[in-house]
Every structure is written in structure tokens, then in C-alpha cells.
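Structure record follows, encoded as C-alpha cells.
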Amino acid sequence: MISQLLNIAPEGLHFILLLLLFAQSAIDHKLTLPKVSLWLPMGAALVCAAAILALPASGVLLMGSYTVDGLSQFFKLAIAAGFLVLTLNASRQPTLASEKRNDYYLFLALSAWGLMLLASTTELMSLYLALELASYSLYVLIPIRDKTRPSAEAGAKYILFGAAATAISLFGLSFIMAAQHTTYISVLAAKDWTWAQNPVAVMGLTLFLSGMFFKLALFPFHFWCPDVYQGASNETAAYVATLPKLGGIVVLIRLAAFLKPGMAVTDIIAVLGLISMTFGNLCALNQKDVKRMLGFSSVAHAGYIILGLVTGSVEGLAASAFYAVAYLIMNLLCFWIIARVAMDGRNVMLDDLNGLYKRAPSLAFALAVGAFALVGLPPTIGFMGKLFLVAAAWNQGYNWLVIALVVNSAIAIYYYLTLVRHAYTEEQAPRENVDTSRFSITGAMLLAAAALLLGILPAYLLDRAVWALGM
């Protein structure tokens, strides 16, 4: 009994947080209760501790549709850690009305809980339900930004694109069920997925994966991404840019059991990865809004992650898992700086970073680390992540995609280092103040240290990723 409780400890404790948040949201107008921003980070830290303790857990629940294994526990820990940072980042959200604060944290936690469930789901219909649970909460969160027109537009676009991706995924699921007569991933892995023998199943899988591609912002399901990043509040954009990506990646890693190099569906995904990384980087070159730039950047990074998924090897999938954590850290760091620079909640333009090294040297240094990591320069975690992807994919039939990654990384140098150039070489600084509190500096330094230390000493994280894939 105790071992079974340990298996679901992360999502179990997180569900208790949800109940507490629901209670506070329901009765806070009647009683004087402690602010959510004071106690929720402590609760999130407890969930992180539970996720660490539950790393070795294993088991199968709910008639085989819910699997606790190394892969699920690896991503649950990443989701829990990311949620902790995001709750801290949102604790000083200036564009959020005080009466909406409890509801905001409730839906934020509900989305993260859905992603935790998604990490363990190994049956396609249950997987779809967990994905929608994580998505519906974001439909509420994105428009919340002082009733501004861009935020309303961002919310509408996210709902419309999300609904379209969901419809396509369900249509694909019907094809899979008709052709393969099962929705369990473990059974589907043994089925035939060649275009010649089972074209209906291949078409269904391609359509079903569109829901995951929507989460990843992979071309051509990327159109919502830069607009949503730009329209949502800085803190909400930080969430959308990070944790949902982990949910999409863990599902794609599970479904990659179907994929082998040279298969029709694998080739389609590889081509989409090529277009995504190229399109994202080219569009980011001309952006002035930093969040919009990071939106197109995430389109490019979705293409990078695809490189590990199409290899059909444990090493490639482990490299994708490693890069998922790297992407989480890099973007949390950049959005932390954005939230600190824009104390009034406005969108940060490139000119707003001018002279940052004088106004807040620690934040300027952390921004430089984040930019170097996103480029993939040593000794950052971004460099090691790309190195592992390239090493795993070389001579697996997709060398052209490896070359495309290297070329696109060179293109990305221009716009990422533009952030550093404005922070360190532009002297005409704006008048707006920057948050230089101890809380702000400590958070930036810890995230920058993680990006550097895991780049210098990546072995432990990679070993955990390989262990997680050794199922």
C-alpha cells in the first residue's frame, strides 16, 4: 500500500494543492486567508521533494492505461521543478487584478497537474483527456491581462488553434482504432506501421500527433505561438513557453516506439522538423519584441527536438529528454529576466535592455547565460543538449537534418546575441526601473548556475535520461 502511494506521490500531492487552491478561491471573499503567493511555493517545493523520492517508483494502474516508470518520473520531476519556479515568478505579477489572483493560481496548478498525468498515460484516449485537461486551463489564463486587446486576441487564437488541433487529433485517433483495433501504446508498438501494409494507421498516427505538435509549436501548428507569447502577460507566457512543451515531448517519446528511420511517418516528421527550425529562426531575425522573438525561437527548438525523436534509438530519445530539460531551464531563465526588467508588466522590447549591465549587472549576466545557452555555445546546457542530439542522430539516416540543425544554430546566433548586445553595448538606457531586489537576483543567479553547471557536468542528467528510457 505504501509503495503504491509512493508511485503516485507527485501527482497526489499536487492534487491536494489543487483542492487547497479551490477552497481558497471559493471562500477567500468570506474569510481572511494567507495569500496564495506566500504558501503555494512551499507546497510546490513539497511536490518537488515527492517527485525526487518517487523517481525509482514503478507500477501499472487503471487497467494498464496509467504507467509509473522511469520516463514518467523523470518528466514529473521536471514539471514539478518548473512549476515551483513559475509560481515564484508569478508572485509579483503586476497586470493581474487582486480578485483574480486565487483563480489564476488554481488554473495554473490544474494545467500542471494535467501534464503530470500526461507523463504517465499510456493509452491514447486517456492521453487525449489528460492533454485537454492541461490545455483548457490555459484557455482561461492567457486572456487575463488587464482586459487588453492583445491578450484577448492571444486567448482567441490559442483556443481556435487548439480546437483545430484537437479535432484533427481525434480524427486521427479514429483511424488508428479502425486500423489497429487498440489504443494501448504497448500493444500498438508491436503493430505494423508501414505505408505499404497499413496506410490508414500511418495516416491516423500522423493526424493524432498533430495535437502534440501543437503543444511543441512545431510547423505547421506554430501560428499561435508568437502571438500568444506577445499577448499574454510575461508570467503566463513563461508558463506557456515551458511546461506544456514537456508534456508534448514525453508523449512523443512514448509514441516514438512506433517510429523507425525510413518509415513514411518518420520521414514526414523529420521534414516538419527541418521546416520548423528554419522558419522559426528566419522569422526571429527581424523581431523587436523579446517575447515574440522567443516565440519564434520555440518554433525552431521544436525542430531541434524532433532530431532525437526520429532516430529510433534509446540514445536519440534520451537526447530529446535531456534537451527538454535544457529548454525548460533556458526559457525559465530568459522569462525570469523579462519579468524583472518589466516591473510594470509591459512587453519588453530590445531597446528596454539597453544598458542593463549598468542598471542590474547580475540580471545582465544571467540574460547573457540564457542567450548563450539558447544559441548552443559552450559551456552551457544548450550546447551539450545539441551535441547529444547530433551525436545520437548521425548515421541514422537523417544526416541532412543534423546539418540543418548546425546551420540553423549559426543563423540563431544573430538574434540571440542581439539580446546581449543591447544589454552590454547600448548606452542609452530607458528610464524605467528594473527589479534588483534580493529575490530577483537570487532567482536569476540560481537559474544561470543551473544552465552553466549542467553544461559543464551534464553526465548525471544524461544518465538519468538514459535510465528513464531503459524501459
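The values are calculated or read from the model by the stated rules, or taken from the named source; none is laboratory data. As the structure is a computational prediction, the values presented were derived from the model and not from experiment. Cβ placement follows ideal geometry from the backbone for every residue including glycine, while neighbour counts extend to all protein chains displayed. Quick note on the areas: whole protein, heavy atoms, side chains included, nothing else; ligands and nucleic acids left out. Shrake-Rupley method; radii C 1.70, N 1.55, O 1.52, S 1.80 Å.
Computed from phi, the 3J(HN,Hα) profile of region 59-75 under the Karplus parametrisation 6.51, -1.76, 1.60 (θ = phi - 60°) reads x, 10, 10, 6, 6, x, 8, 10, 10, 9, 8, x, 5, 5, 5, 4, 6 Hz, with x in place of Gly and Pro. Ordering of 369-376, 453-460 by packing is 369-376, 453-460, highest average first (other Cβ atoms within 10 Å, averaged per residue). If the limit is 27 Å between Cα atoms, which of Lys100/Lys291; Lys35/Lys288; Lys100/Lys157; Lys157/Lys245; Lys245/Lys358; Lys35/Lys245 go over it? Result: Lys35/Lys288; Lys245/Lys358; Lys35/Lys245 exceed 27 Å. Taking Lys and Arg as +1 and Asp and Glu as -1, the other residues whose beta-carbon sits under 14 Å from that of Ser65 total -1. 3J(HN,Hα) couplings calculated from phi for region 125-134 with the Karplus curve 6.51 cos²θ - 1.76 cosθ + 1.60 (θ = phi - 60°) are, in sequence order, 5, 5, 4, 4, 5, 5, 5, 5, 4, 5 Hz; Gly and Pro show x.
Charge tally around Leu115: other residues with Cβ under 11 Å, Lys/Arg +1 each, Asp/Glu -1 each, net +2. The mean sequence distance of close C-alpha pairs (under 8 Å, at least 6 residues apart), as a share of the length of region 144-235, puts its relative contact order at 44 percent.
Among 53-65, 88-100, sorting by the average number of other beta carbon atoms lying within 10 angstrom of each residue, highest first, gives 88-100, 53-65. Whole-Hz Karplus values for region 293-305 come out as 4, 5, x, 5, 4, 5, 4, 5, 5, 4, x, 4, 5 Hz, taken residue by residue from phi with 6.51 cos²θ - 1.76 cosθ + 1.60 and θ = phi - 60°; glycine and proline positions read x. Considering only Thr236, Leu259, Leu188, and ranking their Cα positions along the charge dipole of region 187-270 that arises from unit charges at the beta-carbon of Lys, Arg, Asp and Glu, the one farthest toward the positive end is Leu188. Taking amide H as placed 1.01 Å from N in the peptide plane, the amide H of Val60 sits under 5 Å from that of Val68, each at least 5 places away or on another chain. The base-10 log of I(q)/I(0) for region 59-205, evaluated at q = 0.14, 0.20 Å⁻¹, reads -0.82, -1.22 [Debye formula, identical scatterers on Cα atoms, solvent excluded]. What you get for the chain, charging only the Cβ of Lys and Arg (+1) and of Asp and Glu (-1), is a dipole of about 480 debye around the Cα centre. Of the chymotrypsin sites (Phe, Trp or Tyr not before Pro) in region 147-220, the ones in a loop by DSSP (not H, G, I, E or B) with at most 14 other beta carbons within 10 Å are Trp195.
Segment Lys191..Val271, full-extension length gain: 26.4 nm, with 0.36 nm per residue of separation and the alpha-carbon distance subtracted. When you restrict to C-alpha pairs under 8 Å that are six or more residues apart and normalise by the size of the chain, the relative contact order lands at 14 percent. For region 302-377, the relative contact order is 25 percent, taking Cα pairs closer than 8 Å that sit 6 or more residues apart in sequence and dividing their mean separation by the residue count. Local charge for Ala78 was computed over the other residues whose Cβ lies under 12 Å away, with Lys and Arg +1 and Asp and Glu -1, and equals +3.
Computed with a 1.4 Å probe on the full set of protein chains, the accessible area for Trp39 sits at about 50 Å². The calculated 222 nm mean residue ellipticity attributable to helices in the chain amounts to -23500 deg cm²/dmol, summing -39500 (n - 2.57) over DSSP H runs of n ≥ 4 and dividing by all residues.
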